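Enquirer: A single structure is presented below for examination.
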Amino acid sequence: MKHHILQIGNPVLRQIAQELSITDILSASTRELIDLMKNIMWEAPGVGLAAPQIGKSLQIVTIEDKADYTRGISAEQLAERKRRAVPFHILINPKIINKSDEQAEFFEACLSGNRLIGLVKRALRVQVKGLNEKAEPVIIDAEGWYARILQHEIDHLNGILCIDHMCPRSMSTLENYTHYWKFKSVQEVQKELNC
Ligand code: NI
């Protein structure tokens with residue numbers, strides 16, 4: 001049976017998640033939660049998962065963008081999105097400490113988004129600081145799709161969902177996105193939808 005991921009409208013998704021202390025991070029219950037999050041993210045599958053999405057209002061995210069996930073996407077689209085594989089990792093109490101003024105706009109969806117997808121503008125580059133599962137400090141400099149994933153997941157810890165950033169007129173079901181928009185350039189979509 002597939003694990004349940006909370007969907008838009010659930011109040012937990014709108015809460016500010018709690019920070020973890022060093023003791024919390026090193027506890028058996030956090031280790032178990034991280035294992036569970038990893039499995040749920042793989043099962044979904046998704047490129048990121050935040051603990052609030054499984055009903056735990058805690059500042060933990062898991063991220064992995066597998067090369068496998070990009071099989072159906074053209075080399076041109078991958079290059080446009082600056083999307084490269086990202087190995088599995090965990091971030092605890094993450095904060096964006098720098099973001100570029102330069103932005104990129106692409107269709108984005110969420111495992112909690114009830115199969116909605118839409119155009120979302122994000123900073124092209126971010127610098128994030130946080131802790132890993134050993135409670136060691138980490139600093140990440142990310143660009144392109146990875147920077148987008150980080151912004152999306154960190155938003156979850158602050159009660160923000162990607163639908164909050166979507167150009168409303170671009171909001172689409174996944175089925176209609178695949179049918180009408182997926183193979184158009186973002187510029188074409190923006191023009192056609194007036195986004
Ligand atoms: Ni999400």
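A short reminder: the numbers here are calculations on the coordinates, not readings from a lab. The model shown is predicted, which means the values in this text are computed figures rather than measured ones. Note: ideal-geometry Cβ built from the backbone for every residue, glycine included; neighbour counts use all protein chains shown.
Enquirer: From the phi of every residue in the stretch 52-64, what ³J(HN,Hα) in whole Hz does the Karplus formula 6.51 cos²θ - 1.76 cosθ + 1.60 yield, where θ is phi - 60° and glycine or proline is x?
Expert: Values, residue by residue: x, 5, 10, x, 10, 7, 10, 7, 10, 10, 10, 9, 6 Hz.
Enquirer: Can you sort Asp164, Asp101 from fewest to most other Cβ atoms within 10 Å of each residue's own Cβ?
Expert: Ascending Cβ contact count within 10 Å gives the list Asp101, Asp164.
Enquirer: Taking a cut-off of 16 Å, what percent of all Cα-Cα pairs in the stretch 59-114 are separated by more than that?
Expert: It works out to 63 percent of all Cα pairs.
Enquirer: Through the Karplus equation 6.51 cos²θ - 1.76 cosθ + 1.60, θ set to phi - 60°, convert the phi angles of the stretch 180-193 into ³J(HN,Hα) values in whole Hz; use x for Gly and Pro.
Expert: Karplus values, whole Hz, x for Gly and Pro: 9, 10, 3, 9, 9, 6, 4, 4, 4, 5, 4, 5, 5, 9.
Enquirer: Given bins 10 angstrom wide, list per bin the percent of all Cα-Cα distances in the stretch 1-96, short to long.
Expert: In whole percents, the pair-distance histogram is 14, 41, 32, 12, 1.
Enquirer: Taking Rh as the Kirkwood radius, which is the inverse of the mean 1/r over Cα pairs, what is the Rg/Rh value for the stretch 15-164? Walk me through the intermediate numbers first.
Expert: Numbers: Rg = 14.7 Å, Rh = 15.6 Å.
When Rh is taken as the Kirkwood radius, the ratio is 0.94.
Enquirer: Enumerate cysteines in the chain without a disulfide-compatible partner, where compatibility requires another Cys Cβ under 4.7 angstrom.
Expert: Cys110, Cys162 - these cysteines have no disulfide-compatible partner (Cβ-Cβ under 4.7 Å) in the chain.
Enquirer: Ok, one more. Return Tyr177, Tyr146 ranked ascending by Cβ neighbour count within 10 Å, so the fewest neighbours appear first.
Expert: Ranked by crowding around the Cβ, least crowded first: Tyr177, Tyr146.
Enquirer: Given points 7 Å out from each Cα along the Cα-Cβ axis, report the Trp42 to Asn10 separation in nanometres with one decimal.
Expert: For Trp42 paired with Asn10, the spin-label model returns 2.1 nm.
Enquirer: Specify the inter-centroid distance of the stretch 126-195 and the stretch 20-79, based on alpha-carbon positions, in whole Å.
Expert: If you average the Cα positions of each part, the centres end up 15 Å apart.
Enquirer: Cross-link list Lys38/Lys134; Lys121/Lys191; Lys2/Lys134; Lys38/Lys66: which exceed 18 angstrom alpha carbon to alpha carbon?
Expert: From the list (Lys38/Lys134; Lys121/Lys191; Lys2/Lys134; Lys38/Lys66), the Cα-Cα distance tops 18 Å for Lys2/Lys134.
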